[in-house]
Amino acid sequence: MLSLLLKSMRSRMIPTSLVTISLMASMVLLLSIERIQKGAEEGFNQSISGVDAIIGPRSSSLELVLYTVFHLGRPTNNITTETINDVKQRSDISWLVPIALGDSHRGFRVVATEPNYFKHIRYGNNQPLTFSKGVPFAELSEATLGSDVAEKLNYSVGSEIQITHGSIESIGSKHDDFSFKVTGVLNKTGTPIDQAVFLDLKGYELLHLGWKSGKKVFSLEDIDLSSLPPDALNPKTVTAAFVGLKSKLTIFNFSKNIREYPEEAISAVIPGIALSELWSIVGLVDKGFQLLSWIIIAISLIAMVTLIIASLDNRKHEMTIYRANGASPKFLAAMVIYESLVIGLVAIIGAIILVTAVTYFATNQLNLALGISPSFKWISLNEIKVFGIILLSGVLSGLIPAVMVFRKNLHQALS
Amino acid sequence: MLQTLGLEYHYQHGKKIVFPEIEIDRGQRLLISGFSGCGKTTLLSLIAGALKLQIGNIKFDGQDYSSMSSLLLDRLRANHIGYIFQTLNLIPFLSVSENIGLGIRFSQSRKSRVGNLNQEINRLVDSLGLDKEVLNTPVNRLSVGQQQRVAAARALLGKPDLILADEPTSALDSDTTKKFLNEVMETFDASKQAIIMVSHDASIAPYFDSVIDFNKHYA
């Protein structure tokens, strides 16, 4: 039967190939949507990695994540350096990186931090931050740029930049009395890090020496910086701090202790949980993806059923001849079932190979272009279920012409 | 072997045909002739079990068509009847030998009557005047005359009890018709088989033991 089937399919090479290719295109679309959806969610949840907790002024965890990870919104409160130093003394802490937010440079947020930010903060699947050019800042007059900032503003190592007070660029609020020299540009990460300008906390404090209540009181040009006492540039407050713990098992205890810190109202947020919560809020995109997937499945099914029925229609005469020679309904049903299975399996295997090859070879390009890393895997359980439904529908639709052969009068069919 | 009893057929367009009674035994060769549209092919389809009986009955070796399902009639046809269709009904993408082999593919009883399939196909092809070199050629590359012989070989393979032939010579010229009929009759095994042929060409009557002329029947 198999040789008869293969010969029959070969005789209908063009329509059979077209059905297979159309079906494969639908499957590719379905798999791509599924993997991009997963990639987008994973990418979002991995906007920051390697950080066990974020400490900030007591507020909602989403608010804290929004301005510390996504650089969105404004922190309403700061935490004192004493508190940060206190927390740093805890035995369960491995490292702590404070950050101060609030200023910007030509629309890009400024993150004032310590050089060890680039050592501890990771992105994606625990990938370290790497430099495309130069090195991290080491002096208070140096700056490091995220890749998008350097690319869009055409900066490179050695460029001089000035910072604007606040997040909106406006005349008169520029810190035009001090310039920072770019020492390094980070590689693209596909996270908000790409759109940030990194300064030393002391440099940031220096910028604000002459400012009081959001207004410039005196210019840095009017004072002798060398005459400043050594601790004058130690920040009094920071916006938040990223924390790495020695053991992840202590995270909930740590979080509880921070919440109960008696000297200041602070809280600790677990980024993974907060990001998942945030994703479920902004998850309309996710729901949109799911809806799109189901629409594609429905269209694929309709297309496949139509194509198989159309292509098998011209097989009715062939099947009628088999019947005239005594072929049983079982034989004819097996012929169409096997054909539908061959078409469906070739389309599914082809689509899996194509999508997997693209995700395998183009992950870096996709990540650079869109900030999405489609998950590399052969096939998921959910995909197997969907393909099962599609194969079953193909087989059932293939049975229609076979049933029609038996319902139609043999005499009419052969004449 | 075969007997028709009071067969009538009502077409959808209103025409009604009352067929003459037919009785045929092994060794007999019957020609049914008549003008086009007089119901010859319909009668053959009823005998082959390819068309549902409306009025009357057919008995084949004691089996009543009226009590058999279309599936059982399909089995009866596969096991006992070799049918040469007017439209040939060959599978275009299969080779000549594969098309001939279809005749016994679905019938164990006909298969059991063929010792060596290749030898039997060679014998049939040879006796029907086909060149052995065409055996592996796709059937759609053959002339109509050659295809006619392939259809005949398929119907004859496995020595079915009854051979039904529907205008098998309609596309052939008179010389080829004679040659074809000679070849078919030579392959015909009078001890085991019977043949009913339908043709509008009354000149082939000498090849048959009896003739039913539908023109006279309806006159």
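The values are calculated or read from the model by the stated rules, or taken from the named source; none is laboratory data. Computed from a prediction, not measured in an experiment: that's the story for all the values here. When we count neighbours, we look across all protein chains shown, and the Cβ atoms used for this are built from the backbone with ideal geometry, even at glycine.
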The helices (runs of 4 or more DSSP H) lying wholly within segment B:19-118 that contain at least 1 residues that are over 27 Å from residue B:208 (Cβ atoms), within 14 Å of chain A (Cβ to nearest Cβ) and not basic (Lys, Arg) are B:70-80, B:96-105, B:108-112
Listed by first then second residue, the pairs whose first member lies in segment A:1-20 and is within 8 Å of chain B (Cβ to nearest Cβ) and buried (at least 16 other Cβ atoms within 10 Å of the Cβ), whose partner is in a helix (DSSP H, G or I) and modelled with pLDDT under 85, with beta carbons under 7 Å and at least 6 positions apart or on separate chains, are A:8/A:318
For segment A:205-227, the count of residues that are assigned to a helix (DSSP H, G or I), under 23 Å from residue A:137 (Cβ atoms) and modelled with pLDDT under 70 equals 4
Note on segment A:133-147: residues under 21 Å from the mean Cα position of the chain (by Cα) and among the polar types (S, T, N, Q) are A:147
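Here's the yes/no breakdown for (1) within 15 Å of residue A:99 (Cβ to Cβ); (2) part of a loop (DSSP other than H, G, I, E, B); (3) free of Cβ contacts under 8 Å to residues at least 60 places away in the same chain; (4) not assigned by TED's automatic domain parsing to the domain that holds residue A:243:
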position: A:125; (1), (2), (3), (4): no, yes, no, no
position: A:132; (1), (2), (3), (4): no, no, yes, no
position: A:144; (1), (2), (3), (4): yes, no, yes, no
position: A:155; (1), (2), (3), (4): no, yes, yes, no
position: A:162; (1), (2), (3), (4): no, no, yes, no
position: A:176; (1), (2), (3), (4): no, no, yes, no
position: A:189; (1), (2), (3), (4): no, yes, no, no
position: A:197; (1), (2), (3), (4): yes, no, no, no
position: A:203; (1), (2), (3), (4): yes, no, no, no
Out of (1) part of a helix (DSSP H, G or I); (2) modelled with pLDDT of 80 or more; (3) over 23 Å from residue A:94 (Cβ atoms), the one residue A:262 does not meet is (1)
Inset, instruction - Scan segment A:57-75 and give yes if some residue there is in contact with a helix residue (DSSP H, G or I) (Cβ under 7 Å, 6 or more places away or on another chain), within 14 Å of chain B (Cβ to nearest Cβ) and not polar (S, T, N, Q), otherwise no. - result: no
Practice item. Kindly check whether there is at least one residue in segment A:235-257 that is β-branched (Val, Ile, Thr), over 30 Å from residue A:141 (Cβ atoms) and at pLDDT 80 or above. Key: yes
Within segment B:36-55, the residues that are over 13 Å from the mean Cα position of the chain (by Cα), farther than 21 Å from residue A:326 by Cβ and in contact (Cβ under 8 Å) with a residue 40 or more places away in the chain are B:36, B:38, B:39, B:54, B:55
Looking across segment A:328-354 at residues that are buried (at least 22 other Cβ atoms within 10 Å of the Cβ) and over 16 Å from residue A:305 (Cα atoms), the single one that is nearest to the other protein chains (Cβ to nearest Cβ) is A:332
Residue pairs within 7 Å by beta carbon, gap of at least six or interchain, first lying in segment B:121-132 and among the small types (Gly, Ala, Ser), second in a helix (DSSP H, G or I), listed first then second, are B:127/B:183; B:127/B:186; B:127/B:187; B:129/B:149; B:129/B:179; B:129/B:183
Review point. Being in the same structural domain as residue A:29 (by TED's automatic domain parsing), without any contact (Cβ under 8 Å) to a residue 24 or more places away in the chain, under 29 Å from residue A:191 (Cβ atoms) and part of a helix (DSSP H, G or I), is that true of even one residue in segment A:247-255?
Key: no
Among (1) surrounded by 19 or more Cβ atoms within 10 Å (Cβ to Cβ); (2) in contact with a helix residue (DSSP H, G or I) (Cβ under 8 Å, 6 or more places away or on another chain), residue A:184 falls short only on (2)
